[in-house]
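A short reminder: the numbers here are calculations on the coordinates, not readings from a lab. Since the model is a prediction, treat every value here as computed from it, not as a measurement. Quick reminder, even Gly has a Cβ in these numbers, built from the backbone with ideal geometry, and neighbours come from all protein chains shown.
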Amino acid sequence: MISFAWLIPLFPLISFMVLILSGKKLKNASGYLAILLTGISFLLTIGVLLDLRTITEFEVIWPWLTVGEIEFQAGALINPLNGLMLFVVSFVSLLIHIYSLGYMGEDDRKSSYFAYLSLFTFAMLGLVMSPNLLQFYMFWELVGLGSFLLIGFYLYKESAKKAARKAFIMTRIGDAGLLIGLILLFWQTKTLSFLEIFQAIEQQKLAPGMITLIAILLFIGAVGKSGQFPLHTWLPDAMEGPTPVSALIHAATMVAAGVYLVAATYPLFLASEWALIIVSVIGAFTAIFAATIGLVQDDLKRVLAYSTVSQLGYMMLALGAGGYVAGVFHLTTHAFFKALLFLAAGSVIFALKNQHIKQIAGSGKHLAVTKWTFLIGTLAISGFPLLSGSFSKEAIFAALLEDGQYGLLAVALFTAFLTSVYMFRLYFLVFHGKGEDKPERTVPLCMNGPMVILAVFAVIAGFFGSQLADWLAGGQGSFAVLHHSPTWLIFLATLVSLGGIVLAYYIYLRKQINQEEWKETFSSTYTILYNKYFIDEFYENTILYSTRAISYLIFYIEKYVVETAMAFVSGTIKAIGTRGSRLQTGQVQTYGTVALLGLAAIVLFFVVKGGYM
Amino acid sequence: MGLLSLLLFSPMIGLLLISILTKNSDHKSIHRYAVLGGIIPLVISWVAYIQFQGHNQLAERVSWFSYQGGQQSFVIDYELALNGFRLALILLTTLIVMLAILASVKQITKNPRLFYQWLFVLELGILGVFASDNMFLFFFFFELTLIPMFFLIGKWGHVEREEAAYKYVIYNGLGSAVLLIAIVAVFAQAGTTNFEAVQAYMAQRDDMAFQVGVLIAFLVAFGVKLPIIPLHSWMVSVHVYAPPAVVMIHAGVLLKIGAYGLLQFGSGMFPDAFPVFAVTIAVLGLINLLYGAFLALIQDDLRKVFAYASVSHMGIILLGIAGMNTAGYQGAIFQTISHGLISALLFYLVGILILRTGTTNLKKLGGMWTAAPVLSGLFLTGALAGLGLPGMSGFVSEFMAFVGVFEQLPLFGAVGVIGIILTVVYFLRAILNMTFGDPRKNKYEKMADIGKGELFPAGVLVAFIILIGVYPDSLSQLLQITLETLVTGMGG
Amino acid sequence: MSAVPAQGYLILALILFCIGLFGALTKRNTIIVLISIELMLNAVNLNLVAFSKYGIHPNITGQVFSLFSITIAAAEAAVGIAILLALYRNRRSVQINEMDTLKH
Amino acid sequence: MSGEIIAFVLLSAASVIGALAMLYVSKVVHMLLSLVLTFFSLAGIYVLLSAEFVAVVQVLIYSGAISIMMIFGIMLTKHHDQEKHPQNIGRSLLAGGGVIVFFAAVYGAIRKVPFGEQATGLHEANTEQIGIKIFSYYVIPFEVVSVILLAALVGAVVLAKREGDDQS
């Protein structure tokens, strides 16, 4: 089965092509077609996973582009990490295809939606099985395209347009770093294949400084894609897309691709101490930074978006601290519970047609399945004991402890506390309260089903931590170790998580602590947080402004310097023309004189030079 | 008459077909004959492609004239020869001319007979430029492209068409003058204009100063054509004021003569002296890339955006050439072909847009997607191809060009990558402003989507763009031998 | 027998040719321009005849050709005068500087 | 100093003086007459060059036919015309300069040209020799020249005819 692994991404691609070429003809069938083909991919993935128990590594490559003696290749690389990612992607993607059937039920551009979704699935599957960085980069960009198209799906909305554009551009900034990094890497090692790069690093063919530079450049790519500070601003805006899209792309898969990139090129990062430090510091900062913003946002999806940013920061933090397994583990569990949270949020929006949590004010409680699944998701992300999130977070704390990063550990713990506060704020505000609005629609089974399945995974995924470590160790070797925390740390983590829940309970449910009063006392802090630290405005006023300024500067150069030069040239030519036309007197004798002068000149030349040359 | 001559002069058949028609014959039959005339070179060029695959070379040579001067003999022959690069450009030419004719069917209503006559002369000239194997023929056909373009712009263009046509002719005329001087200088030294013979002569003479001097002249001459900043303003006005069908050819093929010339004349004839210019070309490339990109950011006219996008893309060609290695050259060549296809696609769509709305002002357009989803989708596809999305030809060429330039000049490459970010910004800004957004803002709410018949040329272009993007070896296999000669000539 | 060198005849012819040329380029009366051209032709004839006697291969052909050339000169003069008359009828002038239709 | 040299000097002086006079007299008719002098003296020079027949033709055609025709031309147009000194002095200077350069260059060339022996038998039955040459070797050019003359004749008549004459 594993030798057919390269077929996996092709089915969604077929789906995309059929749907995009058939236009609106397929109508409802489009959804079923997409689900069918994604389902085939998922089954194939399962088959591949079964094979992976015995074969730890499988690579198939074809020549793709010949450049003189260099040959760039395309193909598929299956190792435990890739296999895991394949599973996560195809599984979540399948569930979300099914969910979308209900969510997008009445949209008349449904076939476009499913086409884009299939395109994204194709790209994401291709991404996680790339045997080399070039193919990785290509799918990386295609994933961005899928995300862009889906964010801008409601294209008549001005905000969707802006969000889509922003997402594409911000991630592209990261991609530029990635591109530079991979080209540098290519000239250092003469190859882009992951395996050969790792060999080169093992043989210490690269200068340490160069490794650090390349690792940082690759990390810039990951920062862009995974919404890490300072390129995170697109991710919350990306919530303009349909909610299932947010679940798939901006929670479970694409944004995790940055983490995956770091994981996939982990030997490179391990070879450079500085790169690891930068990864962990950026991760930690993003985690706490986004969590604080998440505390005060009022938009259901935005809170989840900031929570995603924060959790991705966690993963980076883990990877930076040497917690390879912890990072990948958290990536997996996060994929399940965050997809679940988004799907549940989608149900709320679907049913109530509202996503402002203060306006919803508890109306979510009429949706029983949604309420319970959302609660499970919330508990998981808060690190409630025995749910998946608690295990993966604990692994991260352990890794930090092992690495001796006590400062970062403190940050991580505090972030965990904030996480449970804002997540339960969300939960209490949406599902507990007066609840005056009755749902306009009932949530169909095809939406509830995936939510329940994901809820199950969100509960149980945490128990497979050590299996995951063994699994990953099969492919990668030494660094794939799951760190275990000492008891006091487990206790502390649980305490922090519960503390957050309790605090949220008192503030938002019992209202014993008046949040309005807090708002008054810390009004400036509140404003800063509510406006996301004014990062967008900062970019607006610095980068965008200076870009525009350069543009206008060049515009004026163009207008005055170049055009003047142009006018000068054409003026000169015109002047020559006018002068020349004066020779054109119409008088034969003048012409004759000119001819004679020419003759005289030629004769003179011959006489003086004695011939040609 | 060999296959190459047949190919070269095949546009004459179309020209004759059109000329047989009287002035009063109805436009439909003129268009029909023009399409027929466009198909003939297309078919022959593909036959040549198949032939070329068999032998990997295709050449013709007829002695023309020679004379003695001093101890040296001076020879000018009628020499045609193909290599992979030229063949690729010829295939591109015949394809794009064909599609331009299809585009003209609806867009040209004023005296189509004369229009097509000029168009076929133009095609003849372009084919000649790419097929000729010596500088003399090259120059002859190079000049031959000048005149038809002048009339095509001046007579069938928009608004400031005559101004644009004069700008075109003045700039290119000056460029040709410089080119002629350089060619004559080389001819007087080497006694031949054949590319290979000149290369052999220069290698044996080893006169660096002379070579550098001539190369500067070539750089200027082809810099006008490419265009290199600050010699670009003619090109912008041609993009804006020429009829879109003509711009398809202009941006798609004619600008490529500059890139082709730089490679063929620069590295093809002066392999020893050319690397001296690596940094110069890299700097020029960067300037082009960023200058074009920054200007494209703030334009309000879609055609101007695309024009500056072309300027910017030419920067990538220059960067690739500056790499002075296989990857860079291949990137430059890929970019030539790829940009040809992409800009042809974009201007084809612009033509359709003008038919529907009569404007390309971005401030007047908006929310088009609701009314015309397919047209908008194609615009977006073109823009994505232009901004170098993987899976389309633009990415492969950009990637290789950057790989090439990174070997020796990594800093230039790194700065150039910034240009790629800007590319995204300006393309998305233009396309999204036009297609996305509130449909109620769209003054042309009832505009028709692209028709079934109009879909074909766009489809063909998209297919080629994706083919090269998904499987670039289809093109790069064709180029390997050419590249080898280009690069090995440089001593590795 | 003779002491006149061939160069003498050639130089005479050259002088006459140059005078004719100068006249043809500067005189304003069309008839004089015409006749200056005749003078140039005459100088050429002189050359031909001189070469027929002093050339590397002295030959009667030179004289024959001077005859041809005189014939053509006569024809030319006749047509020239005819054109001149036609022009004069239209323009009432034989001043060459008033004839600048080539410019327009 | 042989008689031939004296004759040559006199005749060439006369022809040059005639030509120069053409340049510097002011009346058109006088110009023409001074050129007739040149033509006559050239005929004399032809005789010196053993080309008696050509000399006679020269007198007949140039000094006779063409000069008469030119005089008719002058008569039929503005015969009182006076040639003032050319107003376009710049152009005259340019032309003069060009002519002088040309003269100097060709003069230099002539000085260097080597010449062979002079022919001896040219003056014996000169006319006969010419006749034989024309009617044996140069028949076709001769015929072509006749055609040209005919064409010139017809052309001259057509051109000189008044335009209104077509009707009558």
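Summary of values
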read-out	value
Nearest 10 degrees, 0 to 90: helix B:195-205 Cα axis against chain B principal axis	40
Rounded tilt (10° steps) of A:465-476 against the dominant C-alpha axis of chain A	30
Sum of -39500 (n - 2.57) over DSSP H runs of 4+, divided by residues of chain A (222 nm, nearest 500)	-23500 deg cm²/dmol
Distance from the stretch A:178-199 to the stretch A:447-521 (C-alpha centre basis), Å	36
Fewest-first sequence of A:89, B:212, A:309 by Cβ atoms within 10 Å of each Cβ	B:212, A:309, A:89
For the stretch B:27-41, 3J(HN,Hα) per residue [Karplus equation, 6.51 cos²θ - 1.76 cosθ + 1.60, θ = phi - 60°, Hz, x = Gly/Pro]	4, 4, 5, 4, 4, 4, 5, 5, 4, 4, x, x, 5, 4, x
For residue A:193, distant residues with modelled amide H under 5 Å away	A:133
Eligible lysines near residue A:609 by straight Cα distance, threshold 25 Å, same-chain separation 8 or greater	D:112
Environment charge of residue A:196, counting only residues whose C-beta is closer than 11 Å and scoring Lys/Arg +1, Asp/Glu -1	0
Neighbour-count ranking [beta-carbon atoms within 10 angstrom, fewest first] of D:137, B:260	D:137, B:260
Mean-position separation - Cα centroids, the stretch C:9-54 and the stretch A:352-381, in angstrom	114
Neighbour-count order for D:158, A:328, A:303, A:594, fewest beta carbons within 10 angstrom listed first	D:158, A:594, A:303, A:328
Table column - 3J(HN,Hα) (Hz), the stretch A:580-594, Karplus curve with 6.51, -1.76, 1.60, x for Gly and Pro	x, 6, 6, 4, 7, 7, x, 9, 4, 5, 4, 4, x, 4, 4
Three-way shape call for the stretch D:1-84 based on the alpha-carbon gyration tensor, with the a/c threshold at 1.5	oblate
Under Karplus coefficients 6.51, -1.76 and 1.60, residue-wise ³J(HN,Hα) of the stretch B:257-271 in Hz, glycine/proline x	4, x, 5, 4, x, 4, 5, 5, 7, x, 7, x, 10, 10, x
Residue-averaged beta-carbon neighbours from other chains (10 angstrom radius) around B:411-422	4
Length-normalised contact order for chain A - Cα pairs under 8 Å, 6+ apart - percent	12
Surrounding net charge for residue B:201, when Lys and Arg each add one and Asp and Glu each subtract one, Cβ distance under 14 Å	-3
222 nm mean residue ellipticity, helices alone, for chain B (DSSP H n ≥ 4; -39,500 (n - 2.57); rounded to 500)	-25000 deg cm²/dmol
